[in-house]
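Following: one structure in structure tokens, then a few remarks.
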Amino acid sequence: MNPASLGSVRHDWSLPEVEALFALPFMDLLFHAQRVHRENHVPNTVQMSTLLSIKTGACPEDCKYCPQSVHYDTGLDRETLLEVSAVREAAERAKAAGATRFCMGAAYRAPKAKDIAIISEMIREVRATGLETCATLGMLKPDQAQQLKNAGLDYYNHNLDTSPEYYGEIITTRTYQDRLDTLDAVRDAGLKVCCGGIVGMGETITDRAQLLRTLANLPEHPESVPINQLVQVPGTPLHGKAGVDPFDFVRTIAVARILMPASHVRLSAGRQNMSDEVQALCFMAGANSMFYGEKLLTTGNPDVVRDQELFSRLGLKAEGAVTPEGAAERERHVASTAHVGGCGACAADTHELKVHEAQAI
Ligand code: SAM
Ligand code: DTB
Ligand code: SF4
């Protein structure tokens, strides 16, 4: 492997190549990941997404990590679909706290037609606040993806979760191919793709390599790649699994950054169980997105104040939303001498400035 070649956008990664990245000395891996990061993104900025569970629990799927599966007794209170007004209010609070994207999650195998109609209304309301919108509702058919796109949805989250080889150990009620089909439907509808996985479910390093390789070898890289550390919930089959070595978690972030140079790599679930120092290493490894706000879907996330202090101690800023001011900034940037061929701050083929403004949170 020629380290200088790392950072090109490729869709033909072999397993030995990805395993070789995982096997690099930790400092070398972080060095290359940070270099690739700086060639493609404005350093020290982090995109902030806030989650809301819009329909909780009683899910028919058997994902062994999930507190919302009906197959496991986790003591979770079930909730039907929230009122649109409650979702709008939560979005307004998230915006006021500094988030730029609002992600609505539902414990569905797949949404029904009547759900799509109500969720479309939620999307319109959230968008009206000025936030970017994301939804994660399970499997989608092409026409459903198109309906969500028409309602103004920006991103759809649907994770591969793990490698094709390990997948059957974790979920038996839907196939890996079902997930790939949903990703195709989402992409074909013109939605941006948010797709990643979970580390710490008992998978091998080869499984982590295969997950990231599968993501990178998709026809287009997902715009957003959430890397979750398993949140162990009592009652789920994965509760009590040996925890992941924090350095191995950081390595997974670094390899994701190198394989998908222009994507936002999200430090996702599991931050409550991570020290500030491990989170800092994740940002060093190229993570530039995170979930922000005291709750994920059903489990906890660090307090906003703790995150604000961490950002202050590390000199990190929240990535700004794509606002009219941001668009004007882009025009200025493209016309300026700072923008030259291969400018690291611009998307290569669109000349879109990726980060329009940074703001304190
Ligand atoms: N029900 C929909 C689905 O699974 O497609 C959407 C919501 S589901 C909760 C979204 C993702 O959250 C899962 O694919 C998984 O990657 C992640 N997730 C769920 N429970 C988790 C846990 N305990 N720890 C880490 N990640 C988790
Ligand atoms: C993703 O990759 N992680 C988020 C979001 N996408 C939907 C969900 C994490 C859920 C953690 C367990 C819970 O809070 O229920
Ligand atoms: Fe259901 Fe999604 Fe949880 Fe799987 S991850 S059990 S599909 S809510």
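The values are calculated or read from the model by the stated rules, or taken from the named source; none is laboratory data. As the structure is a computational prediction, the values presented were derived from the model and not from experiment. Ideal geometry is used to build each Cβ from the backbone, glycine not excepted, and the neighbour counts take in all protein chains shown.
Between Thr56, Thr45, which is out of contact with any Phe, Trp or Tyr (no Cβ under 6 Å at 6 or more places or on another chain), more than 11 Å from ligand 2 (Cβ to nearest atom), of a type in the set (S, T, N, Q) and closer than 26 Å to Glu92 by Cα? Every option except Thr45 fails the conditions.
Consider segment 265-281 and keep the residues that are away from ligand 3 (no atom under 16 Å from the Cβ) and buried (at least 24 other Cβ atoms within 10 Å of the Cβ). The one that is nearest to the chain's Cα centre (by Cα) is Arg266. Looking only at segment 282-337, filter to residues that are among the basic types (Lys, Arg) and modelled with pLDDT of 85 or more; which one of those is surrounded by the most Cβ atoms within 10 Å (Cβ to Cβ)? Per the criteria, the residue is Lys317.
Quick grid of which residues meet (1) away from ligand 1 (no atom under 15 Å from the Cβ); (2) buried (at least 18 other Cβ atoms within 10 Å of the Cβ); (3) in contact (Cβ under 8 Å) with a residue 12 or more places away in the chain:
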site: Ser8; (1), (2), (3): yes, no, yes
site: His11; (1), (2), (3): yes, no, yes
site: Leu24; (1), (2), (3): yes, yes, no
site: Ser49; (1), (2), (3): no, yes, yes
site: Leu52; (1), (2), (3): no, yes, yes
site: Pro67; (1), (2), (3): no, yes, yes
site: Gly75; (1), (2), (3): no, no, yes
site: Arg93; (1), (2), (3): yes, no, no
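Taking residues in segment 182-210 that are over 21 Å from Ser289 (Cα atoms), and partners anywhere that are among the polar types (S, T, N, Q) and surrounded by fewer than 19 Cβ atoms within 10 Å (Cβ to Cβ), the pairs with Cβ atoms closer than 7 Å and at least 6 places apart or on different chains are Ala189/Gln146. Within segment 44-59, the only residue that satisfies the criterion of being more than 25 Å from Leu137 (Cα to Cα) and in a loop (DSSP other than H, G, I, E, B) is Asn44. Would you mind stating whether Leu212 is hydrophobic (A, V, I, L, M, F, W, C), in contact with a Leu (Cβ under 8 Å, 6 or more places away or on another chain), surrounded by fewer than 22 Cβ atoms within 10 Å (Cβ to Cβ) and closer than 28 Å to Asp307 by Cβ? Considered against the rule, which asks whether it is hydrophobic (A, V, I, L, M, F, W, C), in contact with a Leu (Cβ under 8 Å, 6 or more places away or on another chain), surrounded by fewer than 22 Cβ atoms within 10 Å (Cβ to Cβ) and closer than 28 Å to Asp307 by Cβ, Leu212 comes out as no. When the residues of segment 65-95 are filtered to those that are part of a loop (DSSP other than H, G, I, E, B), of a type in the set (Asp, Glu) and away from ligand 2 (no atom under 13 Å from the Cβ), the one that is nearest to Met122 (Cα to Cα) is Glu83. Note on segment 287-322: residues that are closer than 17 Å to Gln229 by Cβ and aliphatic (A, V, I, L, M) amount to 5.
All of Asp181, Asp248 fail the test of being assigned to a helix (DSSP H, G or I), within 16 Å of ligand 3 (Cβ to nearest atom) and surrounded by fewer than 20 Cβ atoms within 10 Å (Cβ to Cβ), apart from Asp181. The single condition from (1) away from ligand 3 (no atom under 14 Å from the Cβ); (2) among the charged types (D, E, K, R); (3) in a loop (DSSP other than H, G, I, E, B) that Asp62 fails is (1).
If the condition is being crowded, with 17+ Cβ neighbours inside 10 Å, in a loop (DSSP other than H, G, I, E, B) and more than 16 Å from ligand 2 (Cβ to nearest atom), then segment 137-162 contributes only Ala151. The set of residues in segment 101-134 that are in a strand (DSSP E or B), within 9 Å of ligand 1 (Cβ to nearest atom) and in contact with a Gly (Cβ under 9 Å, 6 or more places away or on another chain) contains only Ala106.
Selection of segment 163-180 for residues being more than 9 Å from ligand 1 (Cβ to nearest atom) and touching a Leu at 6+ places or on another chain (Cβ under 9 Å) yields Ser163, Pro164, Tyr166, Tyr167, Ile170, Tyr176, Leu180.
Select from segment 26-47 the residues that are hydrophobic (A, V, I, L, M, F, W, C) and either surrounded by fewer than 17 Cβ atoms within 10 Å (Cβ to Cβ) or within 16 Å of ligand 1 (Cβ to nearest atom) (or both) and list them in ascending order. Listed by number, the residues that qualify are Phe26, Met27, Phe31.
Of all residues in segment 20-43, which are part of a loop (DSSP other than H, G, I, E, B) and within 15 Å of Phe283 (Cβ to Cβ)?
Step one: filter segment 20-43 for residues part of a loop (DSSP other than H, G, I, E, B), giving 23-25, 41-43.
His41, Val42, Pro43, listed by residue number.
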